[in-house]
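Let me begin by presenting the structure, written as structure tokens, before commenting on it.
Derivation of every value follows stated rules applied to the coordinates shown; laboratory data play no part. As the structure is a computational prediction, the values presented were derived from the model and not from experiment. Neighbour counts are summed over all protein chains in view; Cβ atoms, including those assigned to glycine, are modelled from backbone coordinates with ideal geometry.
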Amino acid sequence: MTQKLIAASILAADFSRIGEAVELAERAGADLIHVDIMDGHFVPNLTLGPQLVASIRKRTRLPIDVHLMVENPRAFVPLFHEAGADWISLHVEATAHLHKDVTMIKDLGRKAGVVLNPATPIHTLRDILGEADFILLMSVNPGWGGQSFIPSCLDKIRGLKAWLRKEKLEVPIEVDGGIKLDNLEEIFKAGMDVVVAGSAIFEAPDPAEAIREMKRVAARVAAHKDG
Ligand code: DX5
Ligand code: ZN
């Protein structure tokens, strides 16, 4: 997959104006709306639920990428499916029945993503790699936006990319946490296909311009790869 995508994470938006943030992201050229779901157990923070996803669904045609940072994610999958989520990802650390959960998401007609925390090794993906529609590598410890990218994640991205190539699998790698305009190109070059960006977009002086600049970087890296 040479096309590079931008997922705008609304975690960093003004929660009293989420609809406007979503519309701004779509107009500026974002490819996905990333929604972080936290339950106060799997991560020590609380955020949003299916009702908000259903509201966003009415405001955008972009695919909604729901990142479940919850215990027992299986229980929530049907709710987010009903709400209109298009991509649904869950953490390997949060479920004892990963294959069953991934199959459930795919059977509902949604794209199933498997997420790894920064210290969870990629070999844990071995028996699910051929089933997942995408892999999400966390490059911060989940729970909050605005943290710094953990440098060792670059090698992790390279390692996963090399492994996927070896297996001849076209599974996109999404990366989430601490990605800004100044490290974006390096992370794309390491093998990231989908960037999740929250504070780099919504805390920028001009969020639309931040998205447009990310698109320019994405296009440059993709063109370079094709050439
Ligand atoms: C963190 C979330 C991220 C968060 C990233 O737990 O999963 O999606 O929004 O925020 P930034 O881009 O600010 O690091
Ligand atoms: Zn996320």
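Structure summary
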read-out: Anisotropy class of the stretch 92-227 from Cα gyration tensor, a/c 1.5 cut; value: prolate
read-out: Footprinting exposure proxy for Leu125, Leu68 (fewest neighbouring C-beta atoms within 10 Å first); value: Leu125, Leu68
read-out: Radius 9 Å from Cβ of Val217, net charge of other residues (Lys, Arg +1; Asp, Glu -1); value: +2
read-out: Sorted by Cβ density within 10 Å, fewest first, the residues His34, His41; value: His41, His34
read-out: Three-way shape label, the chain, alpha-carbon gyration tensor, a/c 1.5; value: rounded
read-out: Cα centroid of the stretch 67-135 to Cα centroid of the stretch 185-227, whole Å; value: 25
read-out: Residue-wise HN-Hα coupling along the stretch 88-101, computed from phi with Karplus coefficients 6.51, -1.76, 1.60 (Hz; x: Gly, Pro); value: 10, 10, 9, 7, 4, 6, 9, 9, 8, 10, 4, 4, 4, 5
read-out: Neighbourhood net charge (15 Å Cβ-Cβ; Lys/Arg +1, Asp/Glu -1) for Arg61; value: -1
read-out: Nitroxide proxy distance, nm - points 7 Å out along Cα→Cβ at Ala208 and His97; value: 4.7
read-out: Potential extension, Gln147-Ile122 segment - 0.36 nm per residue separation minus Cα distance; value: 6.8 nm
read-out: Approximate spin-label separation Arg220-Glu23, in nm, with each point projected 7 Å along Cα-to-Cβ; value: 3.2
read-out: Set of aspartates and glutamates near Lys166 by C-alpha distance (under 18 Å), chain-local residues within fewer than 8 positions excluded; value: Asp127, Glu131, Asp133, Asp155, Asp193
read-out: Mean ellipticity per residue at 222 nm, deg cm²/dmol - from DSSP H runs of n ≥ 4 across the chain, formula -39500 (n - 2.57); value: -10500 deg cm²/dmol
read-out: Fewest-first sequence of Ser16, Ser152, Ser89 by Cβ atoms within 10 Å of each Cβ; value: Ser16, Ser152, Ser89
read-out: Surrounding net charge for Gly49, when Lys and Arg each add one and Asp and Glu each subtract one, Cβ distance under 15 Å; value: -3
